[in-house]
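Reading through the structure tokens given below for one structure.
The values are calculated or read from the model by the stated rules, or taken from the named source; none is laboratory data. Because the structure is predicted, anything quoted here is derived from the model rather than measured. All Cβ positions, even for glycine, are placed from backbone atoms using ideal geometry, and neighbour counts span all protein chains on display. Note: areas computed on protein heavy atoms with side chains; ligands, DNA, RNA excluded. Shrake-Rupley method; radii C 1.70, N 1.55, O 1.52, S 1.80 Å.
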Amino acid sequence: MSLLEVVVLFLAGVIAGILNSIVGSGGLVTFPAMLAFGYSPLTANMTNNVGVLPGALSGAYAYRRELKTQRATVLRLCALSLIGGLVGALLLLVLPAAAFKAIVPVLIGLALVLIVVQPWIQKRAAGREIKTESNPLLRNTGLFFTGIYGGYFGAAQGILLMSILGATIKENIQRLNSIKIVLAACANLSAGVVFVIRGGIAWKAAALIAIGSSIGGLIGAHIGRRLPAPVYRTVIVIIGLVAIAKLMTN
């Protein structure tokens, strides 16, 4: 492993950790970085999944104040992401790489629409006197399939999670973001277990991304907590549009 590769993968991990704590889409940095150094798509995908997990954990730690008062909700929803991530990881090992390629930009686009209209949805929920949650079946189904996507590929998983949580849970955006970080970590965790058992992870690259993403996760949480809700939504939409453009040109 060259010095250039060490530096690039570490910095890619830092950026991915920042993005994942704020919005998601960190995989769109680390995954191409690994491909650029000659790793196969499957190896890069599995390695990236394991590498960004510590960043999600550090981000969750930074958001511990918001999570402390939502423990019951988070624990209830984690099972959906854990099972979904497991299913997604198994699909990655048996399906061709092109299987999800066409649908991913569409999913992200729909998620961005939900992010934009989230304030309107929550106002309607308030008008109907829904105190905490609306449409739990839609929420649970969406989170399960997002977990599958997270285990399969994962880039922009956070955007999908934020759109589903925002449309179905009446909470402020920072508290929703704290839940998002934990659910993304759960999907990565169960998928990572499958990939470790299967073998084929580039462990040196994973370690560099892990160290970088751990630092980035703390930085991203610090930034994200201070963004006003309208600015936060704007950042999500911008990064989501970049993600769509990047995925459609690959």
task = Among what's in region 213-240 and is closer than 22 Å to Leu11 by Cβ and open to solvent by less than 10 Å² (accessible area, probe 1.4 Å), pick the residue that is modelled with the lowest pLDDT.
result = Gly224
ask   = Failed condition for Ala191, given (1) buried (at least 17 other Cβ atoms within 10 Å of the Cβ); (2) without any contact (Cβ under 8 Å) to a residue 24 or more places away in the chain, with all others met?
value = (2)
ask   = In region 241-250, which residue that is assigned to a helix (DSSP H, G or I) and loosely packed, with under 13 Cβ neighbours inside 10 Å is modelled with the highest pLDDT?
value = Ala245
query = Name the helices (runs of 4 or more DSSP H) wholly within region 3-80 that hold at least 3 residues that are among the small types (Gly, Ala, Ser)?
reply = 3-22, 27-36, 41-62
Qualifying positions in region 174-212 - modelled with pLDDT under 95 and either of a type in the set (D, E, K, R) or under 14 Å from Ala16 (Cβ atoms) (or both) = Arg175, Lys180, Ile181, Ala184, Ala185, Asn188, Arg198
query = Does Gly147 qualify as being within 24 Å of Ala89 (Cβ to Cβ), open to solvent by less than 70 Å² (accessible area, probe 1.4 Å), without any contact (Cβ under 8 Å) to a residue 24 or more places away in the chain and not hydroxyl-bearing (Ser, Thr, Tyr)?
reply = no
